[in-house]
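The values are calculated or read from the model by the stated rules, or taken from the named source; none is laboratory data. None of these values were measured; they are calculated from a predicted model. No Cβ is skipped: glycine too gets one built from the backbone with ideal geometry, and neighbour counts run over all protein chains shown. These accessible areas exclude ligands, DNA and RNA; they are computed on the full protein's heavy atoms, side chains included. Shrake-Rupley method; radii C 1.70, N 1.55, O 1.52, S 1.80 Å.
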Amino acid sequence: MRFLENTVYIKFYMAMILGIIAISCYGQKADLEIFESLVENDNYLEAIEKSKSIETSELDSTDLANYFYLLSKAYRSNNDQSSEMFYLMKSRDVYKNLQIPDSLDQVNFSIISVLINNSDSLDEISLYVKEYLEEAEKNQDHKKLGKIYHRLGIELNADYPFESLKYFRKALAEIQQTDEEFIEGRIYQGLGATFAKDTIMKLDSALVMIDKAMKIYKKQDEKSFQALLFINRGVIFTKKGDYQKALEAFHSADTSKLDKFKRLVKPYIYGHRGNMFKAKGDYKSALEEYEKKQIFMDSLHLEDQKRAIKDIETKYKTAEKELENQKLVSEVKIKNYSLVSAGILLVLLLVTGVLLYTFITKKRKIAEQEKAIQVQKMQTMLREQELHEIDVMLESQEKERQRIANDLHDNLGSLLSALKLNFNTLGKREIHDENSRRLFEKTEELINETYVQVRNISHLKNLGVVGKEGLLTAVKKMAEKMSVINELQFNVIPFGLSNRLESNLEITLFRMIQELCSNIIKHSGANEVNIYLTQHDTHQLNVIIEDNGKGFDPKVMNKENSGIGLKNIEKKVEQLGGTFTIDSSENKGTTIIIDIPL
């Protein structure tokens, strides 16, 4: 009997202890939720004060890591970067033990951000970044590497734009080997914004990247990100001086249906639109936009104050509402049964209506499609005829190049060799007249120079993508031939071009590059030319040719270019399903971008 009584007492005390522990844990959990809410609502000073009542030893590892990270955010907003770094390192250590990659990445990026804000050079930042990248590079995790490089591009963008471009390009190369299309769009958006910075000002390249991002966001139905791209376009057109297009872009952003960034987009629109009116000289409209921005920001502050007051009222009314909620539970259940029945009936009606509508419109759509197919066939026929004419012209030019090269090498080269041999034989005779001797030496120099020039022209004209060479080898040889010491340097920078391409495509690409480099020699006045050959994956080839010459205005360029000409190169690229972009302005060099699908 006493044994049973003792057992009852033991169970009673254990229940009391468990109850106390449960109450304590519940209290800690409630305090942690209040703390998280304060941080999420930007009430950072209150969050720091609330953190003092949280006993970290009673939190599990996941909550503890998140608590340290949120506390670092609060200290960052309070401009206490030493405390921010302290809690970031604590959070990183816990997440490292938990092996939660995404959360660990988020913390590491925050650490990199602090280092960027407190470092005078890239050396200190690079040491941490190198350590962070080692594991991802070792495992060849393309998705993770792409995200890391993308975030590094964002973090370095403000202070190190050229370094930022390097990481964005690395991110693009990695992400294009995955199915992360949305991240690819974010990278293109970052490239576009960076190209548009005042220290770079590659505005046409910026628009190309923004358009690529827009294509992906439309496919993903990301309306808020499309609005941000419209703002980017407005800023770029403002810098180009095309204020009408800038105004249209800002209007598109202002009228977009936003599902996120609502507090962010409106001030950006008003601020950048004000900058546009200011650049245009319309100071009255600029002032109106700046006032709109200020009014909007003031309204946000007022809304935050109301939200804080409402949170306080909510805390006092929570108990009262819980009682009311319990009474409503039974009523809600009854209503739910009615709503489910009504919902099923509504779905049946909708399905019937959809089927009926589909049946009625099907024939009309088929007729419209047939008409569109006929129009498309006609357009395709005309386009194929035009492209066939270009192919015939390119083929005839290639044959003519080969014929000229062979004639120079076989006929004129042989004659010059014989002439040189005979002339050297004459030189063995004694010449007593000083004038005759000088004339002989001058003539010998001219013959040697002519022989070398004919030989070089023959080799350059015949420098095709033949035999075992391939595109990359041929381009490198061409660059070596075209380079002139201390005057003009051609650099070939390949990336990922490990396999041979289809023979006709290699020849076509080589002739395009050869023609563009010849134009640079003739017209640009450059002393350095970079040729980038990049194969992102097995489906796309990218060619970028940039020089530091005097540049030109693409709108008024000469339509009668030598060789196959820029216009014909553009048409040939379009025939191959690619894109051809010229980014140039006076005294700022020229960049030509060719994207070809494989």
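Restricting the search to segment 475-522, which residues are β-branched (Val, Ile, Thr), surrounded by 14 or more Cβ atoms within 10 Å (Cβ to Cβ) and under 27 Å from the mean Cα position of the chain (by Cα)? The answer is Val492, Ile513. Contact annotation: residue pairs with Cβ atoms under 6 Å, 6 or more positions apart or on different chains, pairing a residue in segment 570-588 that is among the aliphatic types (A, V, I, L, M) with a partner that is not in a loop (DSSP other than H, G, I, E, B), are Val573/Phe580; Val573/Ile594; Leu576/Ile596; Ile582/Pro554; Ile582/Ile592.
Going through segment 442-453 one residue at a time, which ones are at pLDDT 70 or above and open to solvent by less than 80 Å² (accessible area, probe 1.4 Å)? The answer is Thr443, Glu444, Ile447, Asn448, Thr450, Tyr451. Here Phe277 does not qualify as modelled with pLDDT of 85 or more, crowded, with 17+ Cβ neighbours inside 10 Å and within 28 Å of Leu38 (Cα to Cα).
Contact map, segment 423-441: first residue open to solvent by less than 80 Å² (accessible area, probe 1.4 Å), second residue at pLDDT 70 or above, Cβ cut-off under 7 Å, separation 6 or more or different chains; pairs are Phe423/Glu444; Phe423/Ile447; Gly427/Phe440; Gly427/Glu444; Ile431/Arg437; Ile431/Phe440.
Yes or no: Asn108 open to solvent by less than 20 Å² (accessible area, probe 1.4 Å) and part of a helix (DSSP H, G or I)? Yes. The criterion of being modelled with pLDDT of 90 or more and β-branched (Val, Ile, Thr) holds for Thr590.
Given the structure, is Glu180 more than 14 Å from the chain's Cα centre (by Cα), surrounded by fewer than 23 Cβ atoms within 10 Å (Cβ to Cβ) and in contact (Cβ under 8 Å) with a residue 24 or more places away in the chain? No; evaluated as a whole, the condition is false for this residue. Take the residues in segment 205-233 that are surrounded by fewer than 19 Cβ atoms within 10 Å (Cβ to Cβ) and acidic (Asp, Glu); name whichever of them is nearest to Gly578 (Cα to Cα). Result: Asp211. Restricting attention to segment 237-257, the residues that are of a type in the set (A, V, I, L, M) and farther than 11 Å from Met276 by Cβ add up to 1.
Table: residues versus (1) under 24 Å from Leu203 (Cα atoms); (2) without any contact (Cβ under 8 Å) to a residue 40 or more places away in the chain; (3) part of a helix (DSSP H, G or I); (4) under 23 Å from the mean Cα position of the chain (by Cα).
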{"site": "Lys219", "(1), (2), (3), (4)": "no, yes, yes, yes"}
{"site": "Leu229", "(1), (2), (3), (4)": "yes, no, yes, yes"}
{"site": "Gly234", "(1), (2), (3), (4)": "yes, no, yes, yes"}
{"site": "Leu247", "(1), (2), (3), (4)": "yes, yes, yes, no"}
{"site": "Met297", "(1), (2), (3), (4)": "no, yes, yes, no"}
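Run down Ile154, Ile148 and say which single residue is among the hydrophobic types (A, V, I, L, M, F, W, C), open to solvent by 60 Å² or more (accessible area, probe 1.4 Å) and at pLDDT 80 or above. Of the residues listed, the single one that is among the hydrophobic types (A, V, I, L, M, F, W, C), open to solvent by 60 Å² or more (accessible area, probe 1.4 Å) and at pLDDT 80 or above is Ile154.
Residues in segment 369-402 that are modelled with pLDDT of 70 or more and open to solvent by 100 Å² or more (accessible area, probe 1.4 Å): Gln369, Glu370, Lys371, Gln374, Gln376, Lys377.
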